[in-house]
Amino acid sequence: MVSQMRTQVGIIGAGPAGLLLARLLKIQGIDSVILEQRDRAYVESRIRAGVLEQGTATQLRDAGVAERLDREGLVHEGVEIAAGERHFRIDFQELTGKTVVVYGQTEVCKDLIAARLAGDGPIVWNAADVAVHDIDGNRPRLTYRCDGQDHDLVCDFVAGCDGFHGVSRQSMPADLLRTFERVYPFGWLGILADVPPCSHELIYARHERGFALASMRSPTRSRYYIQCSLDERLEAWPDARIWEELQRRLGRAAAARMVTGPSIEKSIAPLRSFVSTPMQSGRLFLAGDASHIVPPTGAKGLNLAMSDVHYLQRALVAWYKTGAADLLERYSETALARVWKAERFSWWMTGLLHRLHDEASFEAQMQIAELDYIASSRAAQTALAENYVGLPY
Ligand code: RFL
Ligand code: PHB
């Protein structure tokens, strides 16, 4: 027996993109069903991004899910850039009039899931073998298995919010897709620890031993990263070795303030730039990591997923309210214009701060000269700041 269901928008993936889309649509009276392949505990505990652009925070407020964000989120008016022992600050507030908020992606997801489950509509957890059908007609379908049963969900539209490894992108016609990719020859080793941060702002550090980042989740929880080689094994990095490496790379002042402690999470992530175009085919629309990936250096991944959702919900709402299809037809073009600029910024920040070549090479001297230039130029600092706080949409 196949169970049959009907909804307006079928959403694949309960990550930040799928959850925010469902919430914004519901506020406009549009129903959706979210199909998620993992369970709730897994989605709520995945440690990922931590910096929200002002536009992302505004969207979460518009979605009515920012009560805890406004209470617990840490507003940051700038970041520090370190190059060896030399430090300088980029003052977002002064240069752009904007700020960012430090609030974990896990918390964003928890807030959105709580709102969804308080009456907005279903999230089908543990949905297996999700497949997309009939995107060229006006009744696309999603099929999946759950609780040992086959299900068939008929929709008006399908939103593919299922991340880089999802099925949505693979359901687009292969002859339509063009992909652009840069894989970096290093990764980030990240740790989370219940210790106070070493600085009240983030520190991005270029060092001859490799990049390091000091970040945080709260006044009592720190998140740190170091550049590592791709074949690195976690077992080779006991906590003490990571703290020692962070102290070297972040400079003496940060090292003196660093409180160390046992890690509560430790992982290695590869770095990748990736864009798949177009973001739409027929009635299937992609948003977030399903369509593009950035290296984490500019803190753009989550924020880009949120701006895609802004354009997509606006287009769907226009269609449902007035029948106008122009915003839907332009969705891919509109979203990609912002995606490419964030790709550029993330690629540039990655190249500026990571060890790619020997310290005696021409390329390393170019990094040092560029950092020196940024330290002394208000114009260069403004360019960095306006990209970091998020380009308008
Ligand atoms: P997500 O968060 O990957 O959510 C996709 C959801 O879809 C589900 N899914 C499926 N569901 C049904 N059927 C299928 N076949 C499915 N396949 C997948 C998944 O289980 C998941 O729940 O994508 P979304 O919503 O587009 O959000 C994007 C952000 O999560 C992402 O851009 C950032 O987290 C990227 N990112 C980071 N960004 C930052 O700005 N700073 C960071 O420090 C940072 N760290 C990270 C990251 C991404 C990582 N990934 C993807 C490996 C660290 C990691 C490990
Ligand atoms: C984080 O806190 O996880 C984080 C912050 C800034 C980045 C990347 C990750 O650029």
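Here is a list: Arg40, Arg6, Arg48. Which entry is under 25 Å from Leu153 (Cβ atoms), within 13 Å of ligand 1 (Cβ to nearest atom) and open to solvent by 50 Å² or more (accessible area, probe 1.4 Å)?
So the residue among Arg40, Arg6, Arg48 that is under 25 Å from Leu153 (Cβ atoms), within 13 Å of ligand 1 (Cβ to nearest atom) and open to solvent by 50 Å² or more (accessible area, probe 1.4 Å) is Arg40.
Which of (1) at pLDDT 95 or above; (2) more than 16 Å from ligand 1 (Cβ to nearest atom) is the odd one out, the single condition Gly148 does not satisfy?
That leaves (1) as the condition not met.
Take the residues of the range 159-180 that are within 21 Å of Cys109 (Cβ to Cβ) and among the hydrophobic types (A, V, I, L, M, F, W, C): which is surrounded by the fewest Cβ atoms within 10 Å (Cβ to Cβ)?
Only one residue fits best here, namely Phe164.
Of the residues that make up the range 307-318, is at least one within 29 Å of Gly55 (Cα to Cα), without any contact (Cβ under 8 Å) to a residue 12 or more places away in the chain, more than 16 Å from ligand 1 (Cβ to nearest atom) and open to solvent by 20 Å² or more (accessible area, probe 1.4 Å)?
Yes.
Any residue in the range 118-140 that's without any contact (Cβ under 8 Å) to a residue 24 or more places away in the chain and more than 14 Å from Gly166 (Cα to Cα): show its pairings with residues that are of a type in the set (A, V, I, L, M, F, W, C) and open to solvent by less than 60 Å² (accessible area, probe 1.4 Å) at Cβ separation under 8 Å, as long as the two are six or more apart or on different chains.
Note: pairs meeting the criteria are His133/Leu142; Arg139/Val154; Arg139/Cys155.
Name the single residue, out of those in the range 144-158 being closer than 27 Å to Met306 by Cα and crowded, with 16+ Cβ neighbours inside 10 Å, that is farthest from ligand 2 (Cβ to nearest atom).
Here the residue is Asp156.
Restricting to the range 183-200, name every residue that is within 11 Å of ligand 2 (Cβ to nearest atom) and within 24 Å of Arg86 (Cα to Cα).
Hits for the range 183-200 are Trp188, Gly190, Pro197.
Working only within the range 195-241, note down all residues that are within 15 Å of ligand 1 (Cβ to nearest atom), open to solvent by less than 20 Å² (accessible area, probe 1.4 Å) and charged (D, E, K, R).
Selection gives Arg223 alone.
Given (1) open to solvent by 10 Å² or more (accessible area, probe 1.4 Å); (2) among the β-branched types (Val, Ile, Thr); (3) assigned to a helix (DSSP H, G or I); (4) within 16 Å of ligand 2 (Cβ to nearest atom), identify the lone condition not met by Thr56.
Unmet condition: (1).
The values are calculated or read from the model by the stated rules, or taken from the named source; none is laboratory data. Values in this document were obtained by computation on a predicted structure and should not be read as measured data. A quick note on method: Cβ atoms are made from the backbone with ideal geometry, for glycine too, and the neighbour counts reach across all protein chains shown. Surface accessibility is based on the protein's heavy atoms, side chains included, excluding ligands, DNA and RNA. Shrake-Rupley method; radii C 1.70, N 1.55, O 1.52, S 1.80 Å.
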